[in-house]
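Report on one structure; see the data block that follows.
The values are calculated or read from the model by the stated rules, or taken from the named source; none is laboratory data. For clarity, every value in this text was computed on a predicted model and none was experimentally measured. We place every Cβ from the backbone using ideal geometry, glycine too, and count neighbours over all the protein chains shown.
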Amino acid sequence: MEASNISKAIILGIETSCDETAAAVFDTGQQRLLSNTIYSQIALHEAYGGIVPEIASRSQLEKITPIVQAALDAANITINDIDTIAVTSKPGLVGSLLVGTCFAKGLAWSCNKKIIGVDHLEGHIFSPALNSDGSVKTLPFPHLCLSVSGGHTILYLVHNFGDFEIIAQTLDDAAGEAFDKIAKILGFGYPGGAIIERLAKEVAFQDFFHYPRTKVRRDQLQFSFSGLKTAVLYDLVKHGAYDLTKGPIPEKITQELQQKVASSLLVAIADIFCNHVKAAFESFPVTRALTFTGGVACNNYLRERLTLVCQKQNKDFIAAPHQFCTDNAAMIAFVGAYKASQGLFSDLSLDVLK
Ligand code: KG4
Ligand code: ZN
């Protein structure tokens, strides 16, 4: 984004689509974040092995006011300095989204601010534009974006800020969901991706079990992870560690088996991503880079594997900084900033999931 194209404004970003309450302040004049605050509910959901929507929305209600105040304080400004409030309005858990959206609308109405509804997935697509110090980097266009979280696995063709199209997505489970479900069977809490990565590293990312890789063609780039998940499950049955009627058999799930399953799963998913990205570069040779974002993009092994694919294809590889891969309000404020410069404001009829 060229700084000269942007009118100077201070944007407050609010993100409450799932289990994080987050707020951030972005200054379009300086082209940098002034603050980025977050409260993660992971500890509240851990015991349930996944997110409980009712608990998520109640926690959002408790945290939204102090988190927004903390973002303003950290930026050393007050609400009077804000021009526009950008808030995630879709997709996500409806109760959680409602808290952020209603809060943002109330604030916009009472303090006479402009408001912009932001699609959470658009936030992820442009999070690689942020450097870890909150400054903005130049993204080459067009590029491919691989966005992978617990809720989605999507490959985009990105033409410019706010201008992108989906070229492939998962037909069933998201990749993060596969990590989370297998980690749960292996006896670990939610979220499982980072645990799978740690276990795999302990055995040097070897492929022990050769789980199946989905086929990919230039004209068929869709992802699918449910077959992989089932293959892992049946392999655990073969090892006597899982009973199809009773579930996991904890005494048979040794540390060695946990490491081997985790490593084989991660290598399989890395191979799938690499094959898809290579085919997508062949289908869209005009693209200049691959960006990588979403919670799963925290995975350093996946980053290294995708870096190699890009090097071979002579393309840049740009991963979002770790703190902007998982859900955050910085990416929402950033999208709000370019939408404000494009005059794309919402009004107080802004509703969730629309
Ligand atoms: O983007 P995110 O915070 O929330 C969603 O929108 O889902 O992503 C969470 C997902 C979870 O599935 C989690 O297991 C995965 O990101 N994740 C990882 C890693 N860290 C988090 N997956 C693989 N490796 C990691 N290091
Ligand atoms: Zn997300």
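Please enumerate the residues belonging to the stretch 282-305 that are surrounded by fewer than 24 Cβ atoms within 10 Å (Cβ to Cβ), closer than 18 Å to Val158 by Cα and in contact with a helix residue (DSSP H, G or I) (Cβ under 8 Å, 6 or more places away or on another chain).
Residues satisfying the conditions are Thr287, Ala289.
Got at least one residue in the stretch 211-225 being surrounded by fewer than 16 Cβ atoms within 10 Å (Cβ to Cβ), among the basic types (Lys, Arg) and within 21 Å of the chain's Cα centre (by Cα)?
no
For the stretch 27-36, state whether one or more residues are farther than 28 Å from Leu93 by Cα, touching a helix residue (DSSP H, G or I) at 6+ places or on another chain (Cβ under 8 Å) and hydroxyl-bearing (Ser, Thr, Tyr).
Within the stretch 27-36 (the criterion being farther than 28 Å from Leu93 by Cα, touching a helix residue (DSSP H, G or I) at 6+ places or on another chain (Cβ under 8 Å) and hydroxyl-bearing (Ser, Thr, Tyr)), the answer is yes, since at least one residue qualifies.
In this structure, is Thr138 at pLDDT 95 or above and buried (at least 22 other Cβ atoms within 10 Å of the Cβ)?
The answer is no for Thr138.
Residues in the stretch 331-352: is at least one out of contact with any Phe, Trp or Tyr (no Cβ under 9 Å at 6 or more places or on another chain), acidic (Asp, Glu) and in a helix (DSSP H, G or I)?
Within the stretch 331-352, none of the residues are out of contact with any Phe, Trp or Tyr (no Cβ under 9 Å at 6 or more places or on another chain), acidic (Asp, Glu) and in a helix (DSSP H, G or I).
Considering only residues that are within 23 Å of Ile154 (Cα to Cα) and surrounded by 14 or more Cβ atoms within 10 Å (Cβ to Cβ), which ones fall in the stretch 228-262?
Leu228, Lys229, Ala231, Val232, Ala262
Taking the condition without any contact (Cβ under 8 Å) to a residue 60 or more places away in the chain and within 16 Å of ligand 2 (Cβ to nearest atom), does Leu121 pass?
yes
Any idea which of (1) more than 25 Å from Pro191 (Cβ to Cβ); (2) surrounded by fewer than 21 Cβ atoms within 10 Å (Cβ to Cβ) is the one Ile116 doesn't satisfy?
The failed condition is (2).
Please tell me if Gln342 is surrounded by fewer than 18 Cβ atoms within 10 Å (Cβ to Cβ) and either in contact with a helix residue (DSSP H, G or I) (Cβ under 9 Å, 6 or more places away or on another chain) or of a type in the set (Ser, Thr, Tyr) (or both).
The answer is no for Gln342.
Among Ile14, Ile85, Ile77, Ile51, which is the only one that is more than 20 Å from the chain's Cα centre (by Cα) and either within 16 Å of ligand 2 (Cβ to nearest atom) or farther than 21 Å from Glu122 by Cα (or both)?
Ile77
Do any helices (runs of 4 or more DSSP H) entirely within the stretch 161-279 hold 3 or more residues that are more than 15 Å from ligand 1 (Cβ to nearest atom) and out of contact with any Lys or Arg (no Cβ under 8 Å at 6 or more places or on another chain), and if so, which?
226-238
Please go through the stretch 280-294 and give me each residue that is β-branched (Val, Ile, Thr) and part of a loop (DSSP other than H, G, I, E, B), ordered by number.
Val286, Thr287
Could you count how many residues in the stretch 79-97 are buried (at least 20 other Cβ atoms within 10 Å of the Cβ), in contact with a helix residue (DSSP H, G or I) (Cβ under 7 Å, 6 or more places away or on another chain) and not polar (S, T, N, Q)?
Qualifying residue count, the stretch 79-97: 5.
Can you name the number of the only condition in (1) of a type in the set (D, E, K, R); (2) away from ligand 1 (no atom under 16 Å from the Cβ); (3) closer than 29 Å to Asp347 by Cα that Glu122 fails?
(2)
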